[in-house]
1. Return, ordered by residue number, the residues of segment 89-110 whose backbone nitrogen is under 19 Å from a label point located 7 Å along Cα→Cβ of residue 72.
2. Which of 176, 200, 45 moves most in a GNM of the chain, Cα contacts under 10 Å?
3. Averaged over every viewing direction, what's the projected area of the C-alpha convex hull for segment 137-270? Give it in nm², one decimal, please.
4. Scan segment 124-155 for GluC sites (Glu not before Pro) in coil per DSSP, keeping those whose Cβ has at most 14 other Cβ atoms within 10 Å, and list them by number.
5. Determine the per residue accessible area of the chain with all protein chains present and a 1.4 angstrom probe, expressed in square angstrom.
6. Report, by chain and number, residues whose modeled amide H sits under 5 Å from the one on residue 66, excluding near sequence neighbours (fewer than 5 apart, same chain).
7. Report relative contact order for segment 28-113 in percent, whole number only (criteria: Cα-Cα under 8 Å, sequence separation at least 6).
8. To the nearest 20 Debye, how big is the dipole of the chain about its Cα centre, given +1 on the beta carbon of each Lys and Arg and -1 on that of each Asp and Glu?
Amino acid sequence: MSTLLLDGRAVRAALLPALADRVKALIRPPTLAIVQVGKREDSTAFIKAKIAFGEKIGVNVKHIHLPDTITQQELIAKIQECNADDSIHGIIVQLPLPIALDQDAITEAVDPCKDTDCLTSYSVKRWMEGREDALLPATTRGVKELLAHYKIDLFGKNVVVVGRSMLVGKPLAAFAMNENATVTVCHSKTADLAAETKKADVLIVAAGRPGFIGADQVKEGAIVIDVGINTIKGEKLEDEVSGRKLVGDVDFDAVQPIAGAITPVPGGVGPMTVVALFENLIDICMR
Ligand code: NAP
């Protein structure tokens, strides 16, 4: 069986000109503020990738870098400053935050009108309900657009999502449900993971465990979307996270021969997430 490679880099390149045109059509170039606390290397690398993409399409990205000694109150005050700043159109708080900080309270401090990551309770209610005017969290929107590009419809399909985080698993599951798929969500307490994943017509994996989905967990012909981005230290330089090798949650070499379609890592969902983030920002600017 020949397997279709769902190529996020190629789709990103195809979407880029239209995105740049949408930016040009705005009255003024949009500004996205990215608030980073601390010096996590992976976060810094992801922010660099966002800044580079922003430059390509004419969006200013303001990187607000704060020390990991910052208090909860000081961080919320910084976010409120961004909320009040008319020159800033979208705000994202780069996650994860240091554990001393209350991530929920901090993401909730973002003005819902500038909530590019769609993590405030206002945004969550809207994407959960599948409202037409709801923005989707960037990874989910990226997966949606990747599927749309390859004309993969979820209607009536068995979709299995491995992972249930607020950032990735839950919005992906809600999206699939709102697309009229029958959805199973698996997590670390799922009794028989393979029994569930083998039922999937579309298997979406977001567990943060390098290569842990193997061929014996996938139905022949399934569409496999690997959201995982795991960095392995000390190996060759690849993609956006310099000095580290990126691998997904799916054992690509083992699964690819039996899948109907599959995303590579790197080069699958990751590039689509960056595109989707900027699409969210432009949608916010057009409201
Ligand atoms: P997370 O918050 O750590 O959540 C991981 C989820 O996987 C949890 O729900 C956990 O279950 C589940 N899980 C862990 N081990 C499992 C196991 N052995 N069997 C079944 N389920 C298991 O991670 P996240 O933020 O959702 O991110 C997941 C992955 O996506 C990471 O690799 C991350 O780097 C990547 N990511 C990629 C993009 C992109 O653009 N491609 C964007 C964001 C994140 P419990 O709930 O029971 O703990």
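The values are calculated or read from the model by the stated rules, or taken from the named source; none is laboratory data. Quick caveat: nothing in here was measured; it's all calculated off a predicted structure. Here Cβ is always computed from backbone atoms with ideal geometry, including for glycine, and neighbour counts include all displayed protein chains. We work out accessible area using only protein heavy atoms, side chains counted, and drop any ligands, DNA or RNA first. Shrake-Rupley method; radii C 1.70, N 1.55, O 1.52, S 1.80 Å.
1. From segment 89-110, the list is 93-110.
2. Of the options given, 45 has the highest mean-square fluctuation.
3. Details: hull surface 30.7 nm².
If I average the Cα hull's projected area over directions, I get 7.7 nm².
4. Working: sites: 129, 132, 145; in loops: 132.
Here the sparse-neighbourhood loop sites are 132.
5. Working: 13400 Å² over 287 residues.
Each residue of the chain exposes 47 Å² on average to a 1.4 Å probe.
6. 36, 37, 38
7. Numbers: 108 pairs, mean separation 35.8, N = 86.
Relative contact order here is 42 percent.
8. On the way: 32 positive and 37 negative charges, 56 e Å.
Charge dipole of the chain: 280 debye, to the nearest 20.
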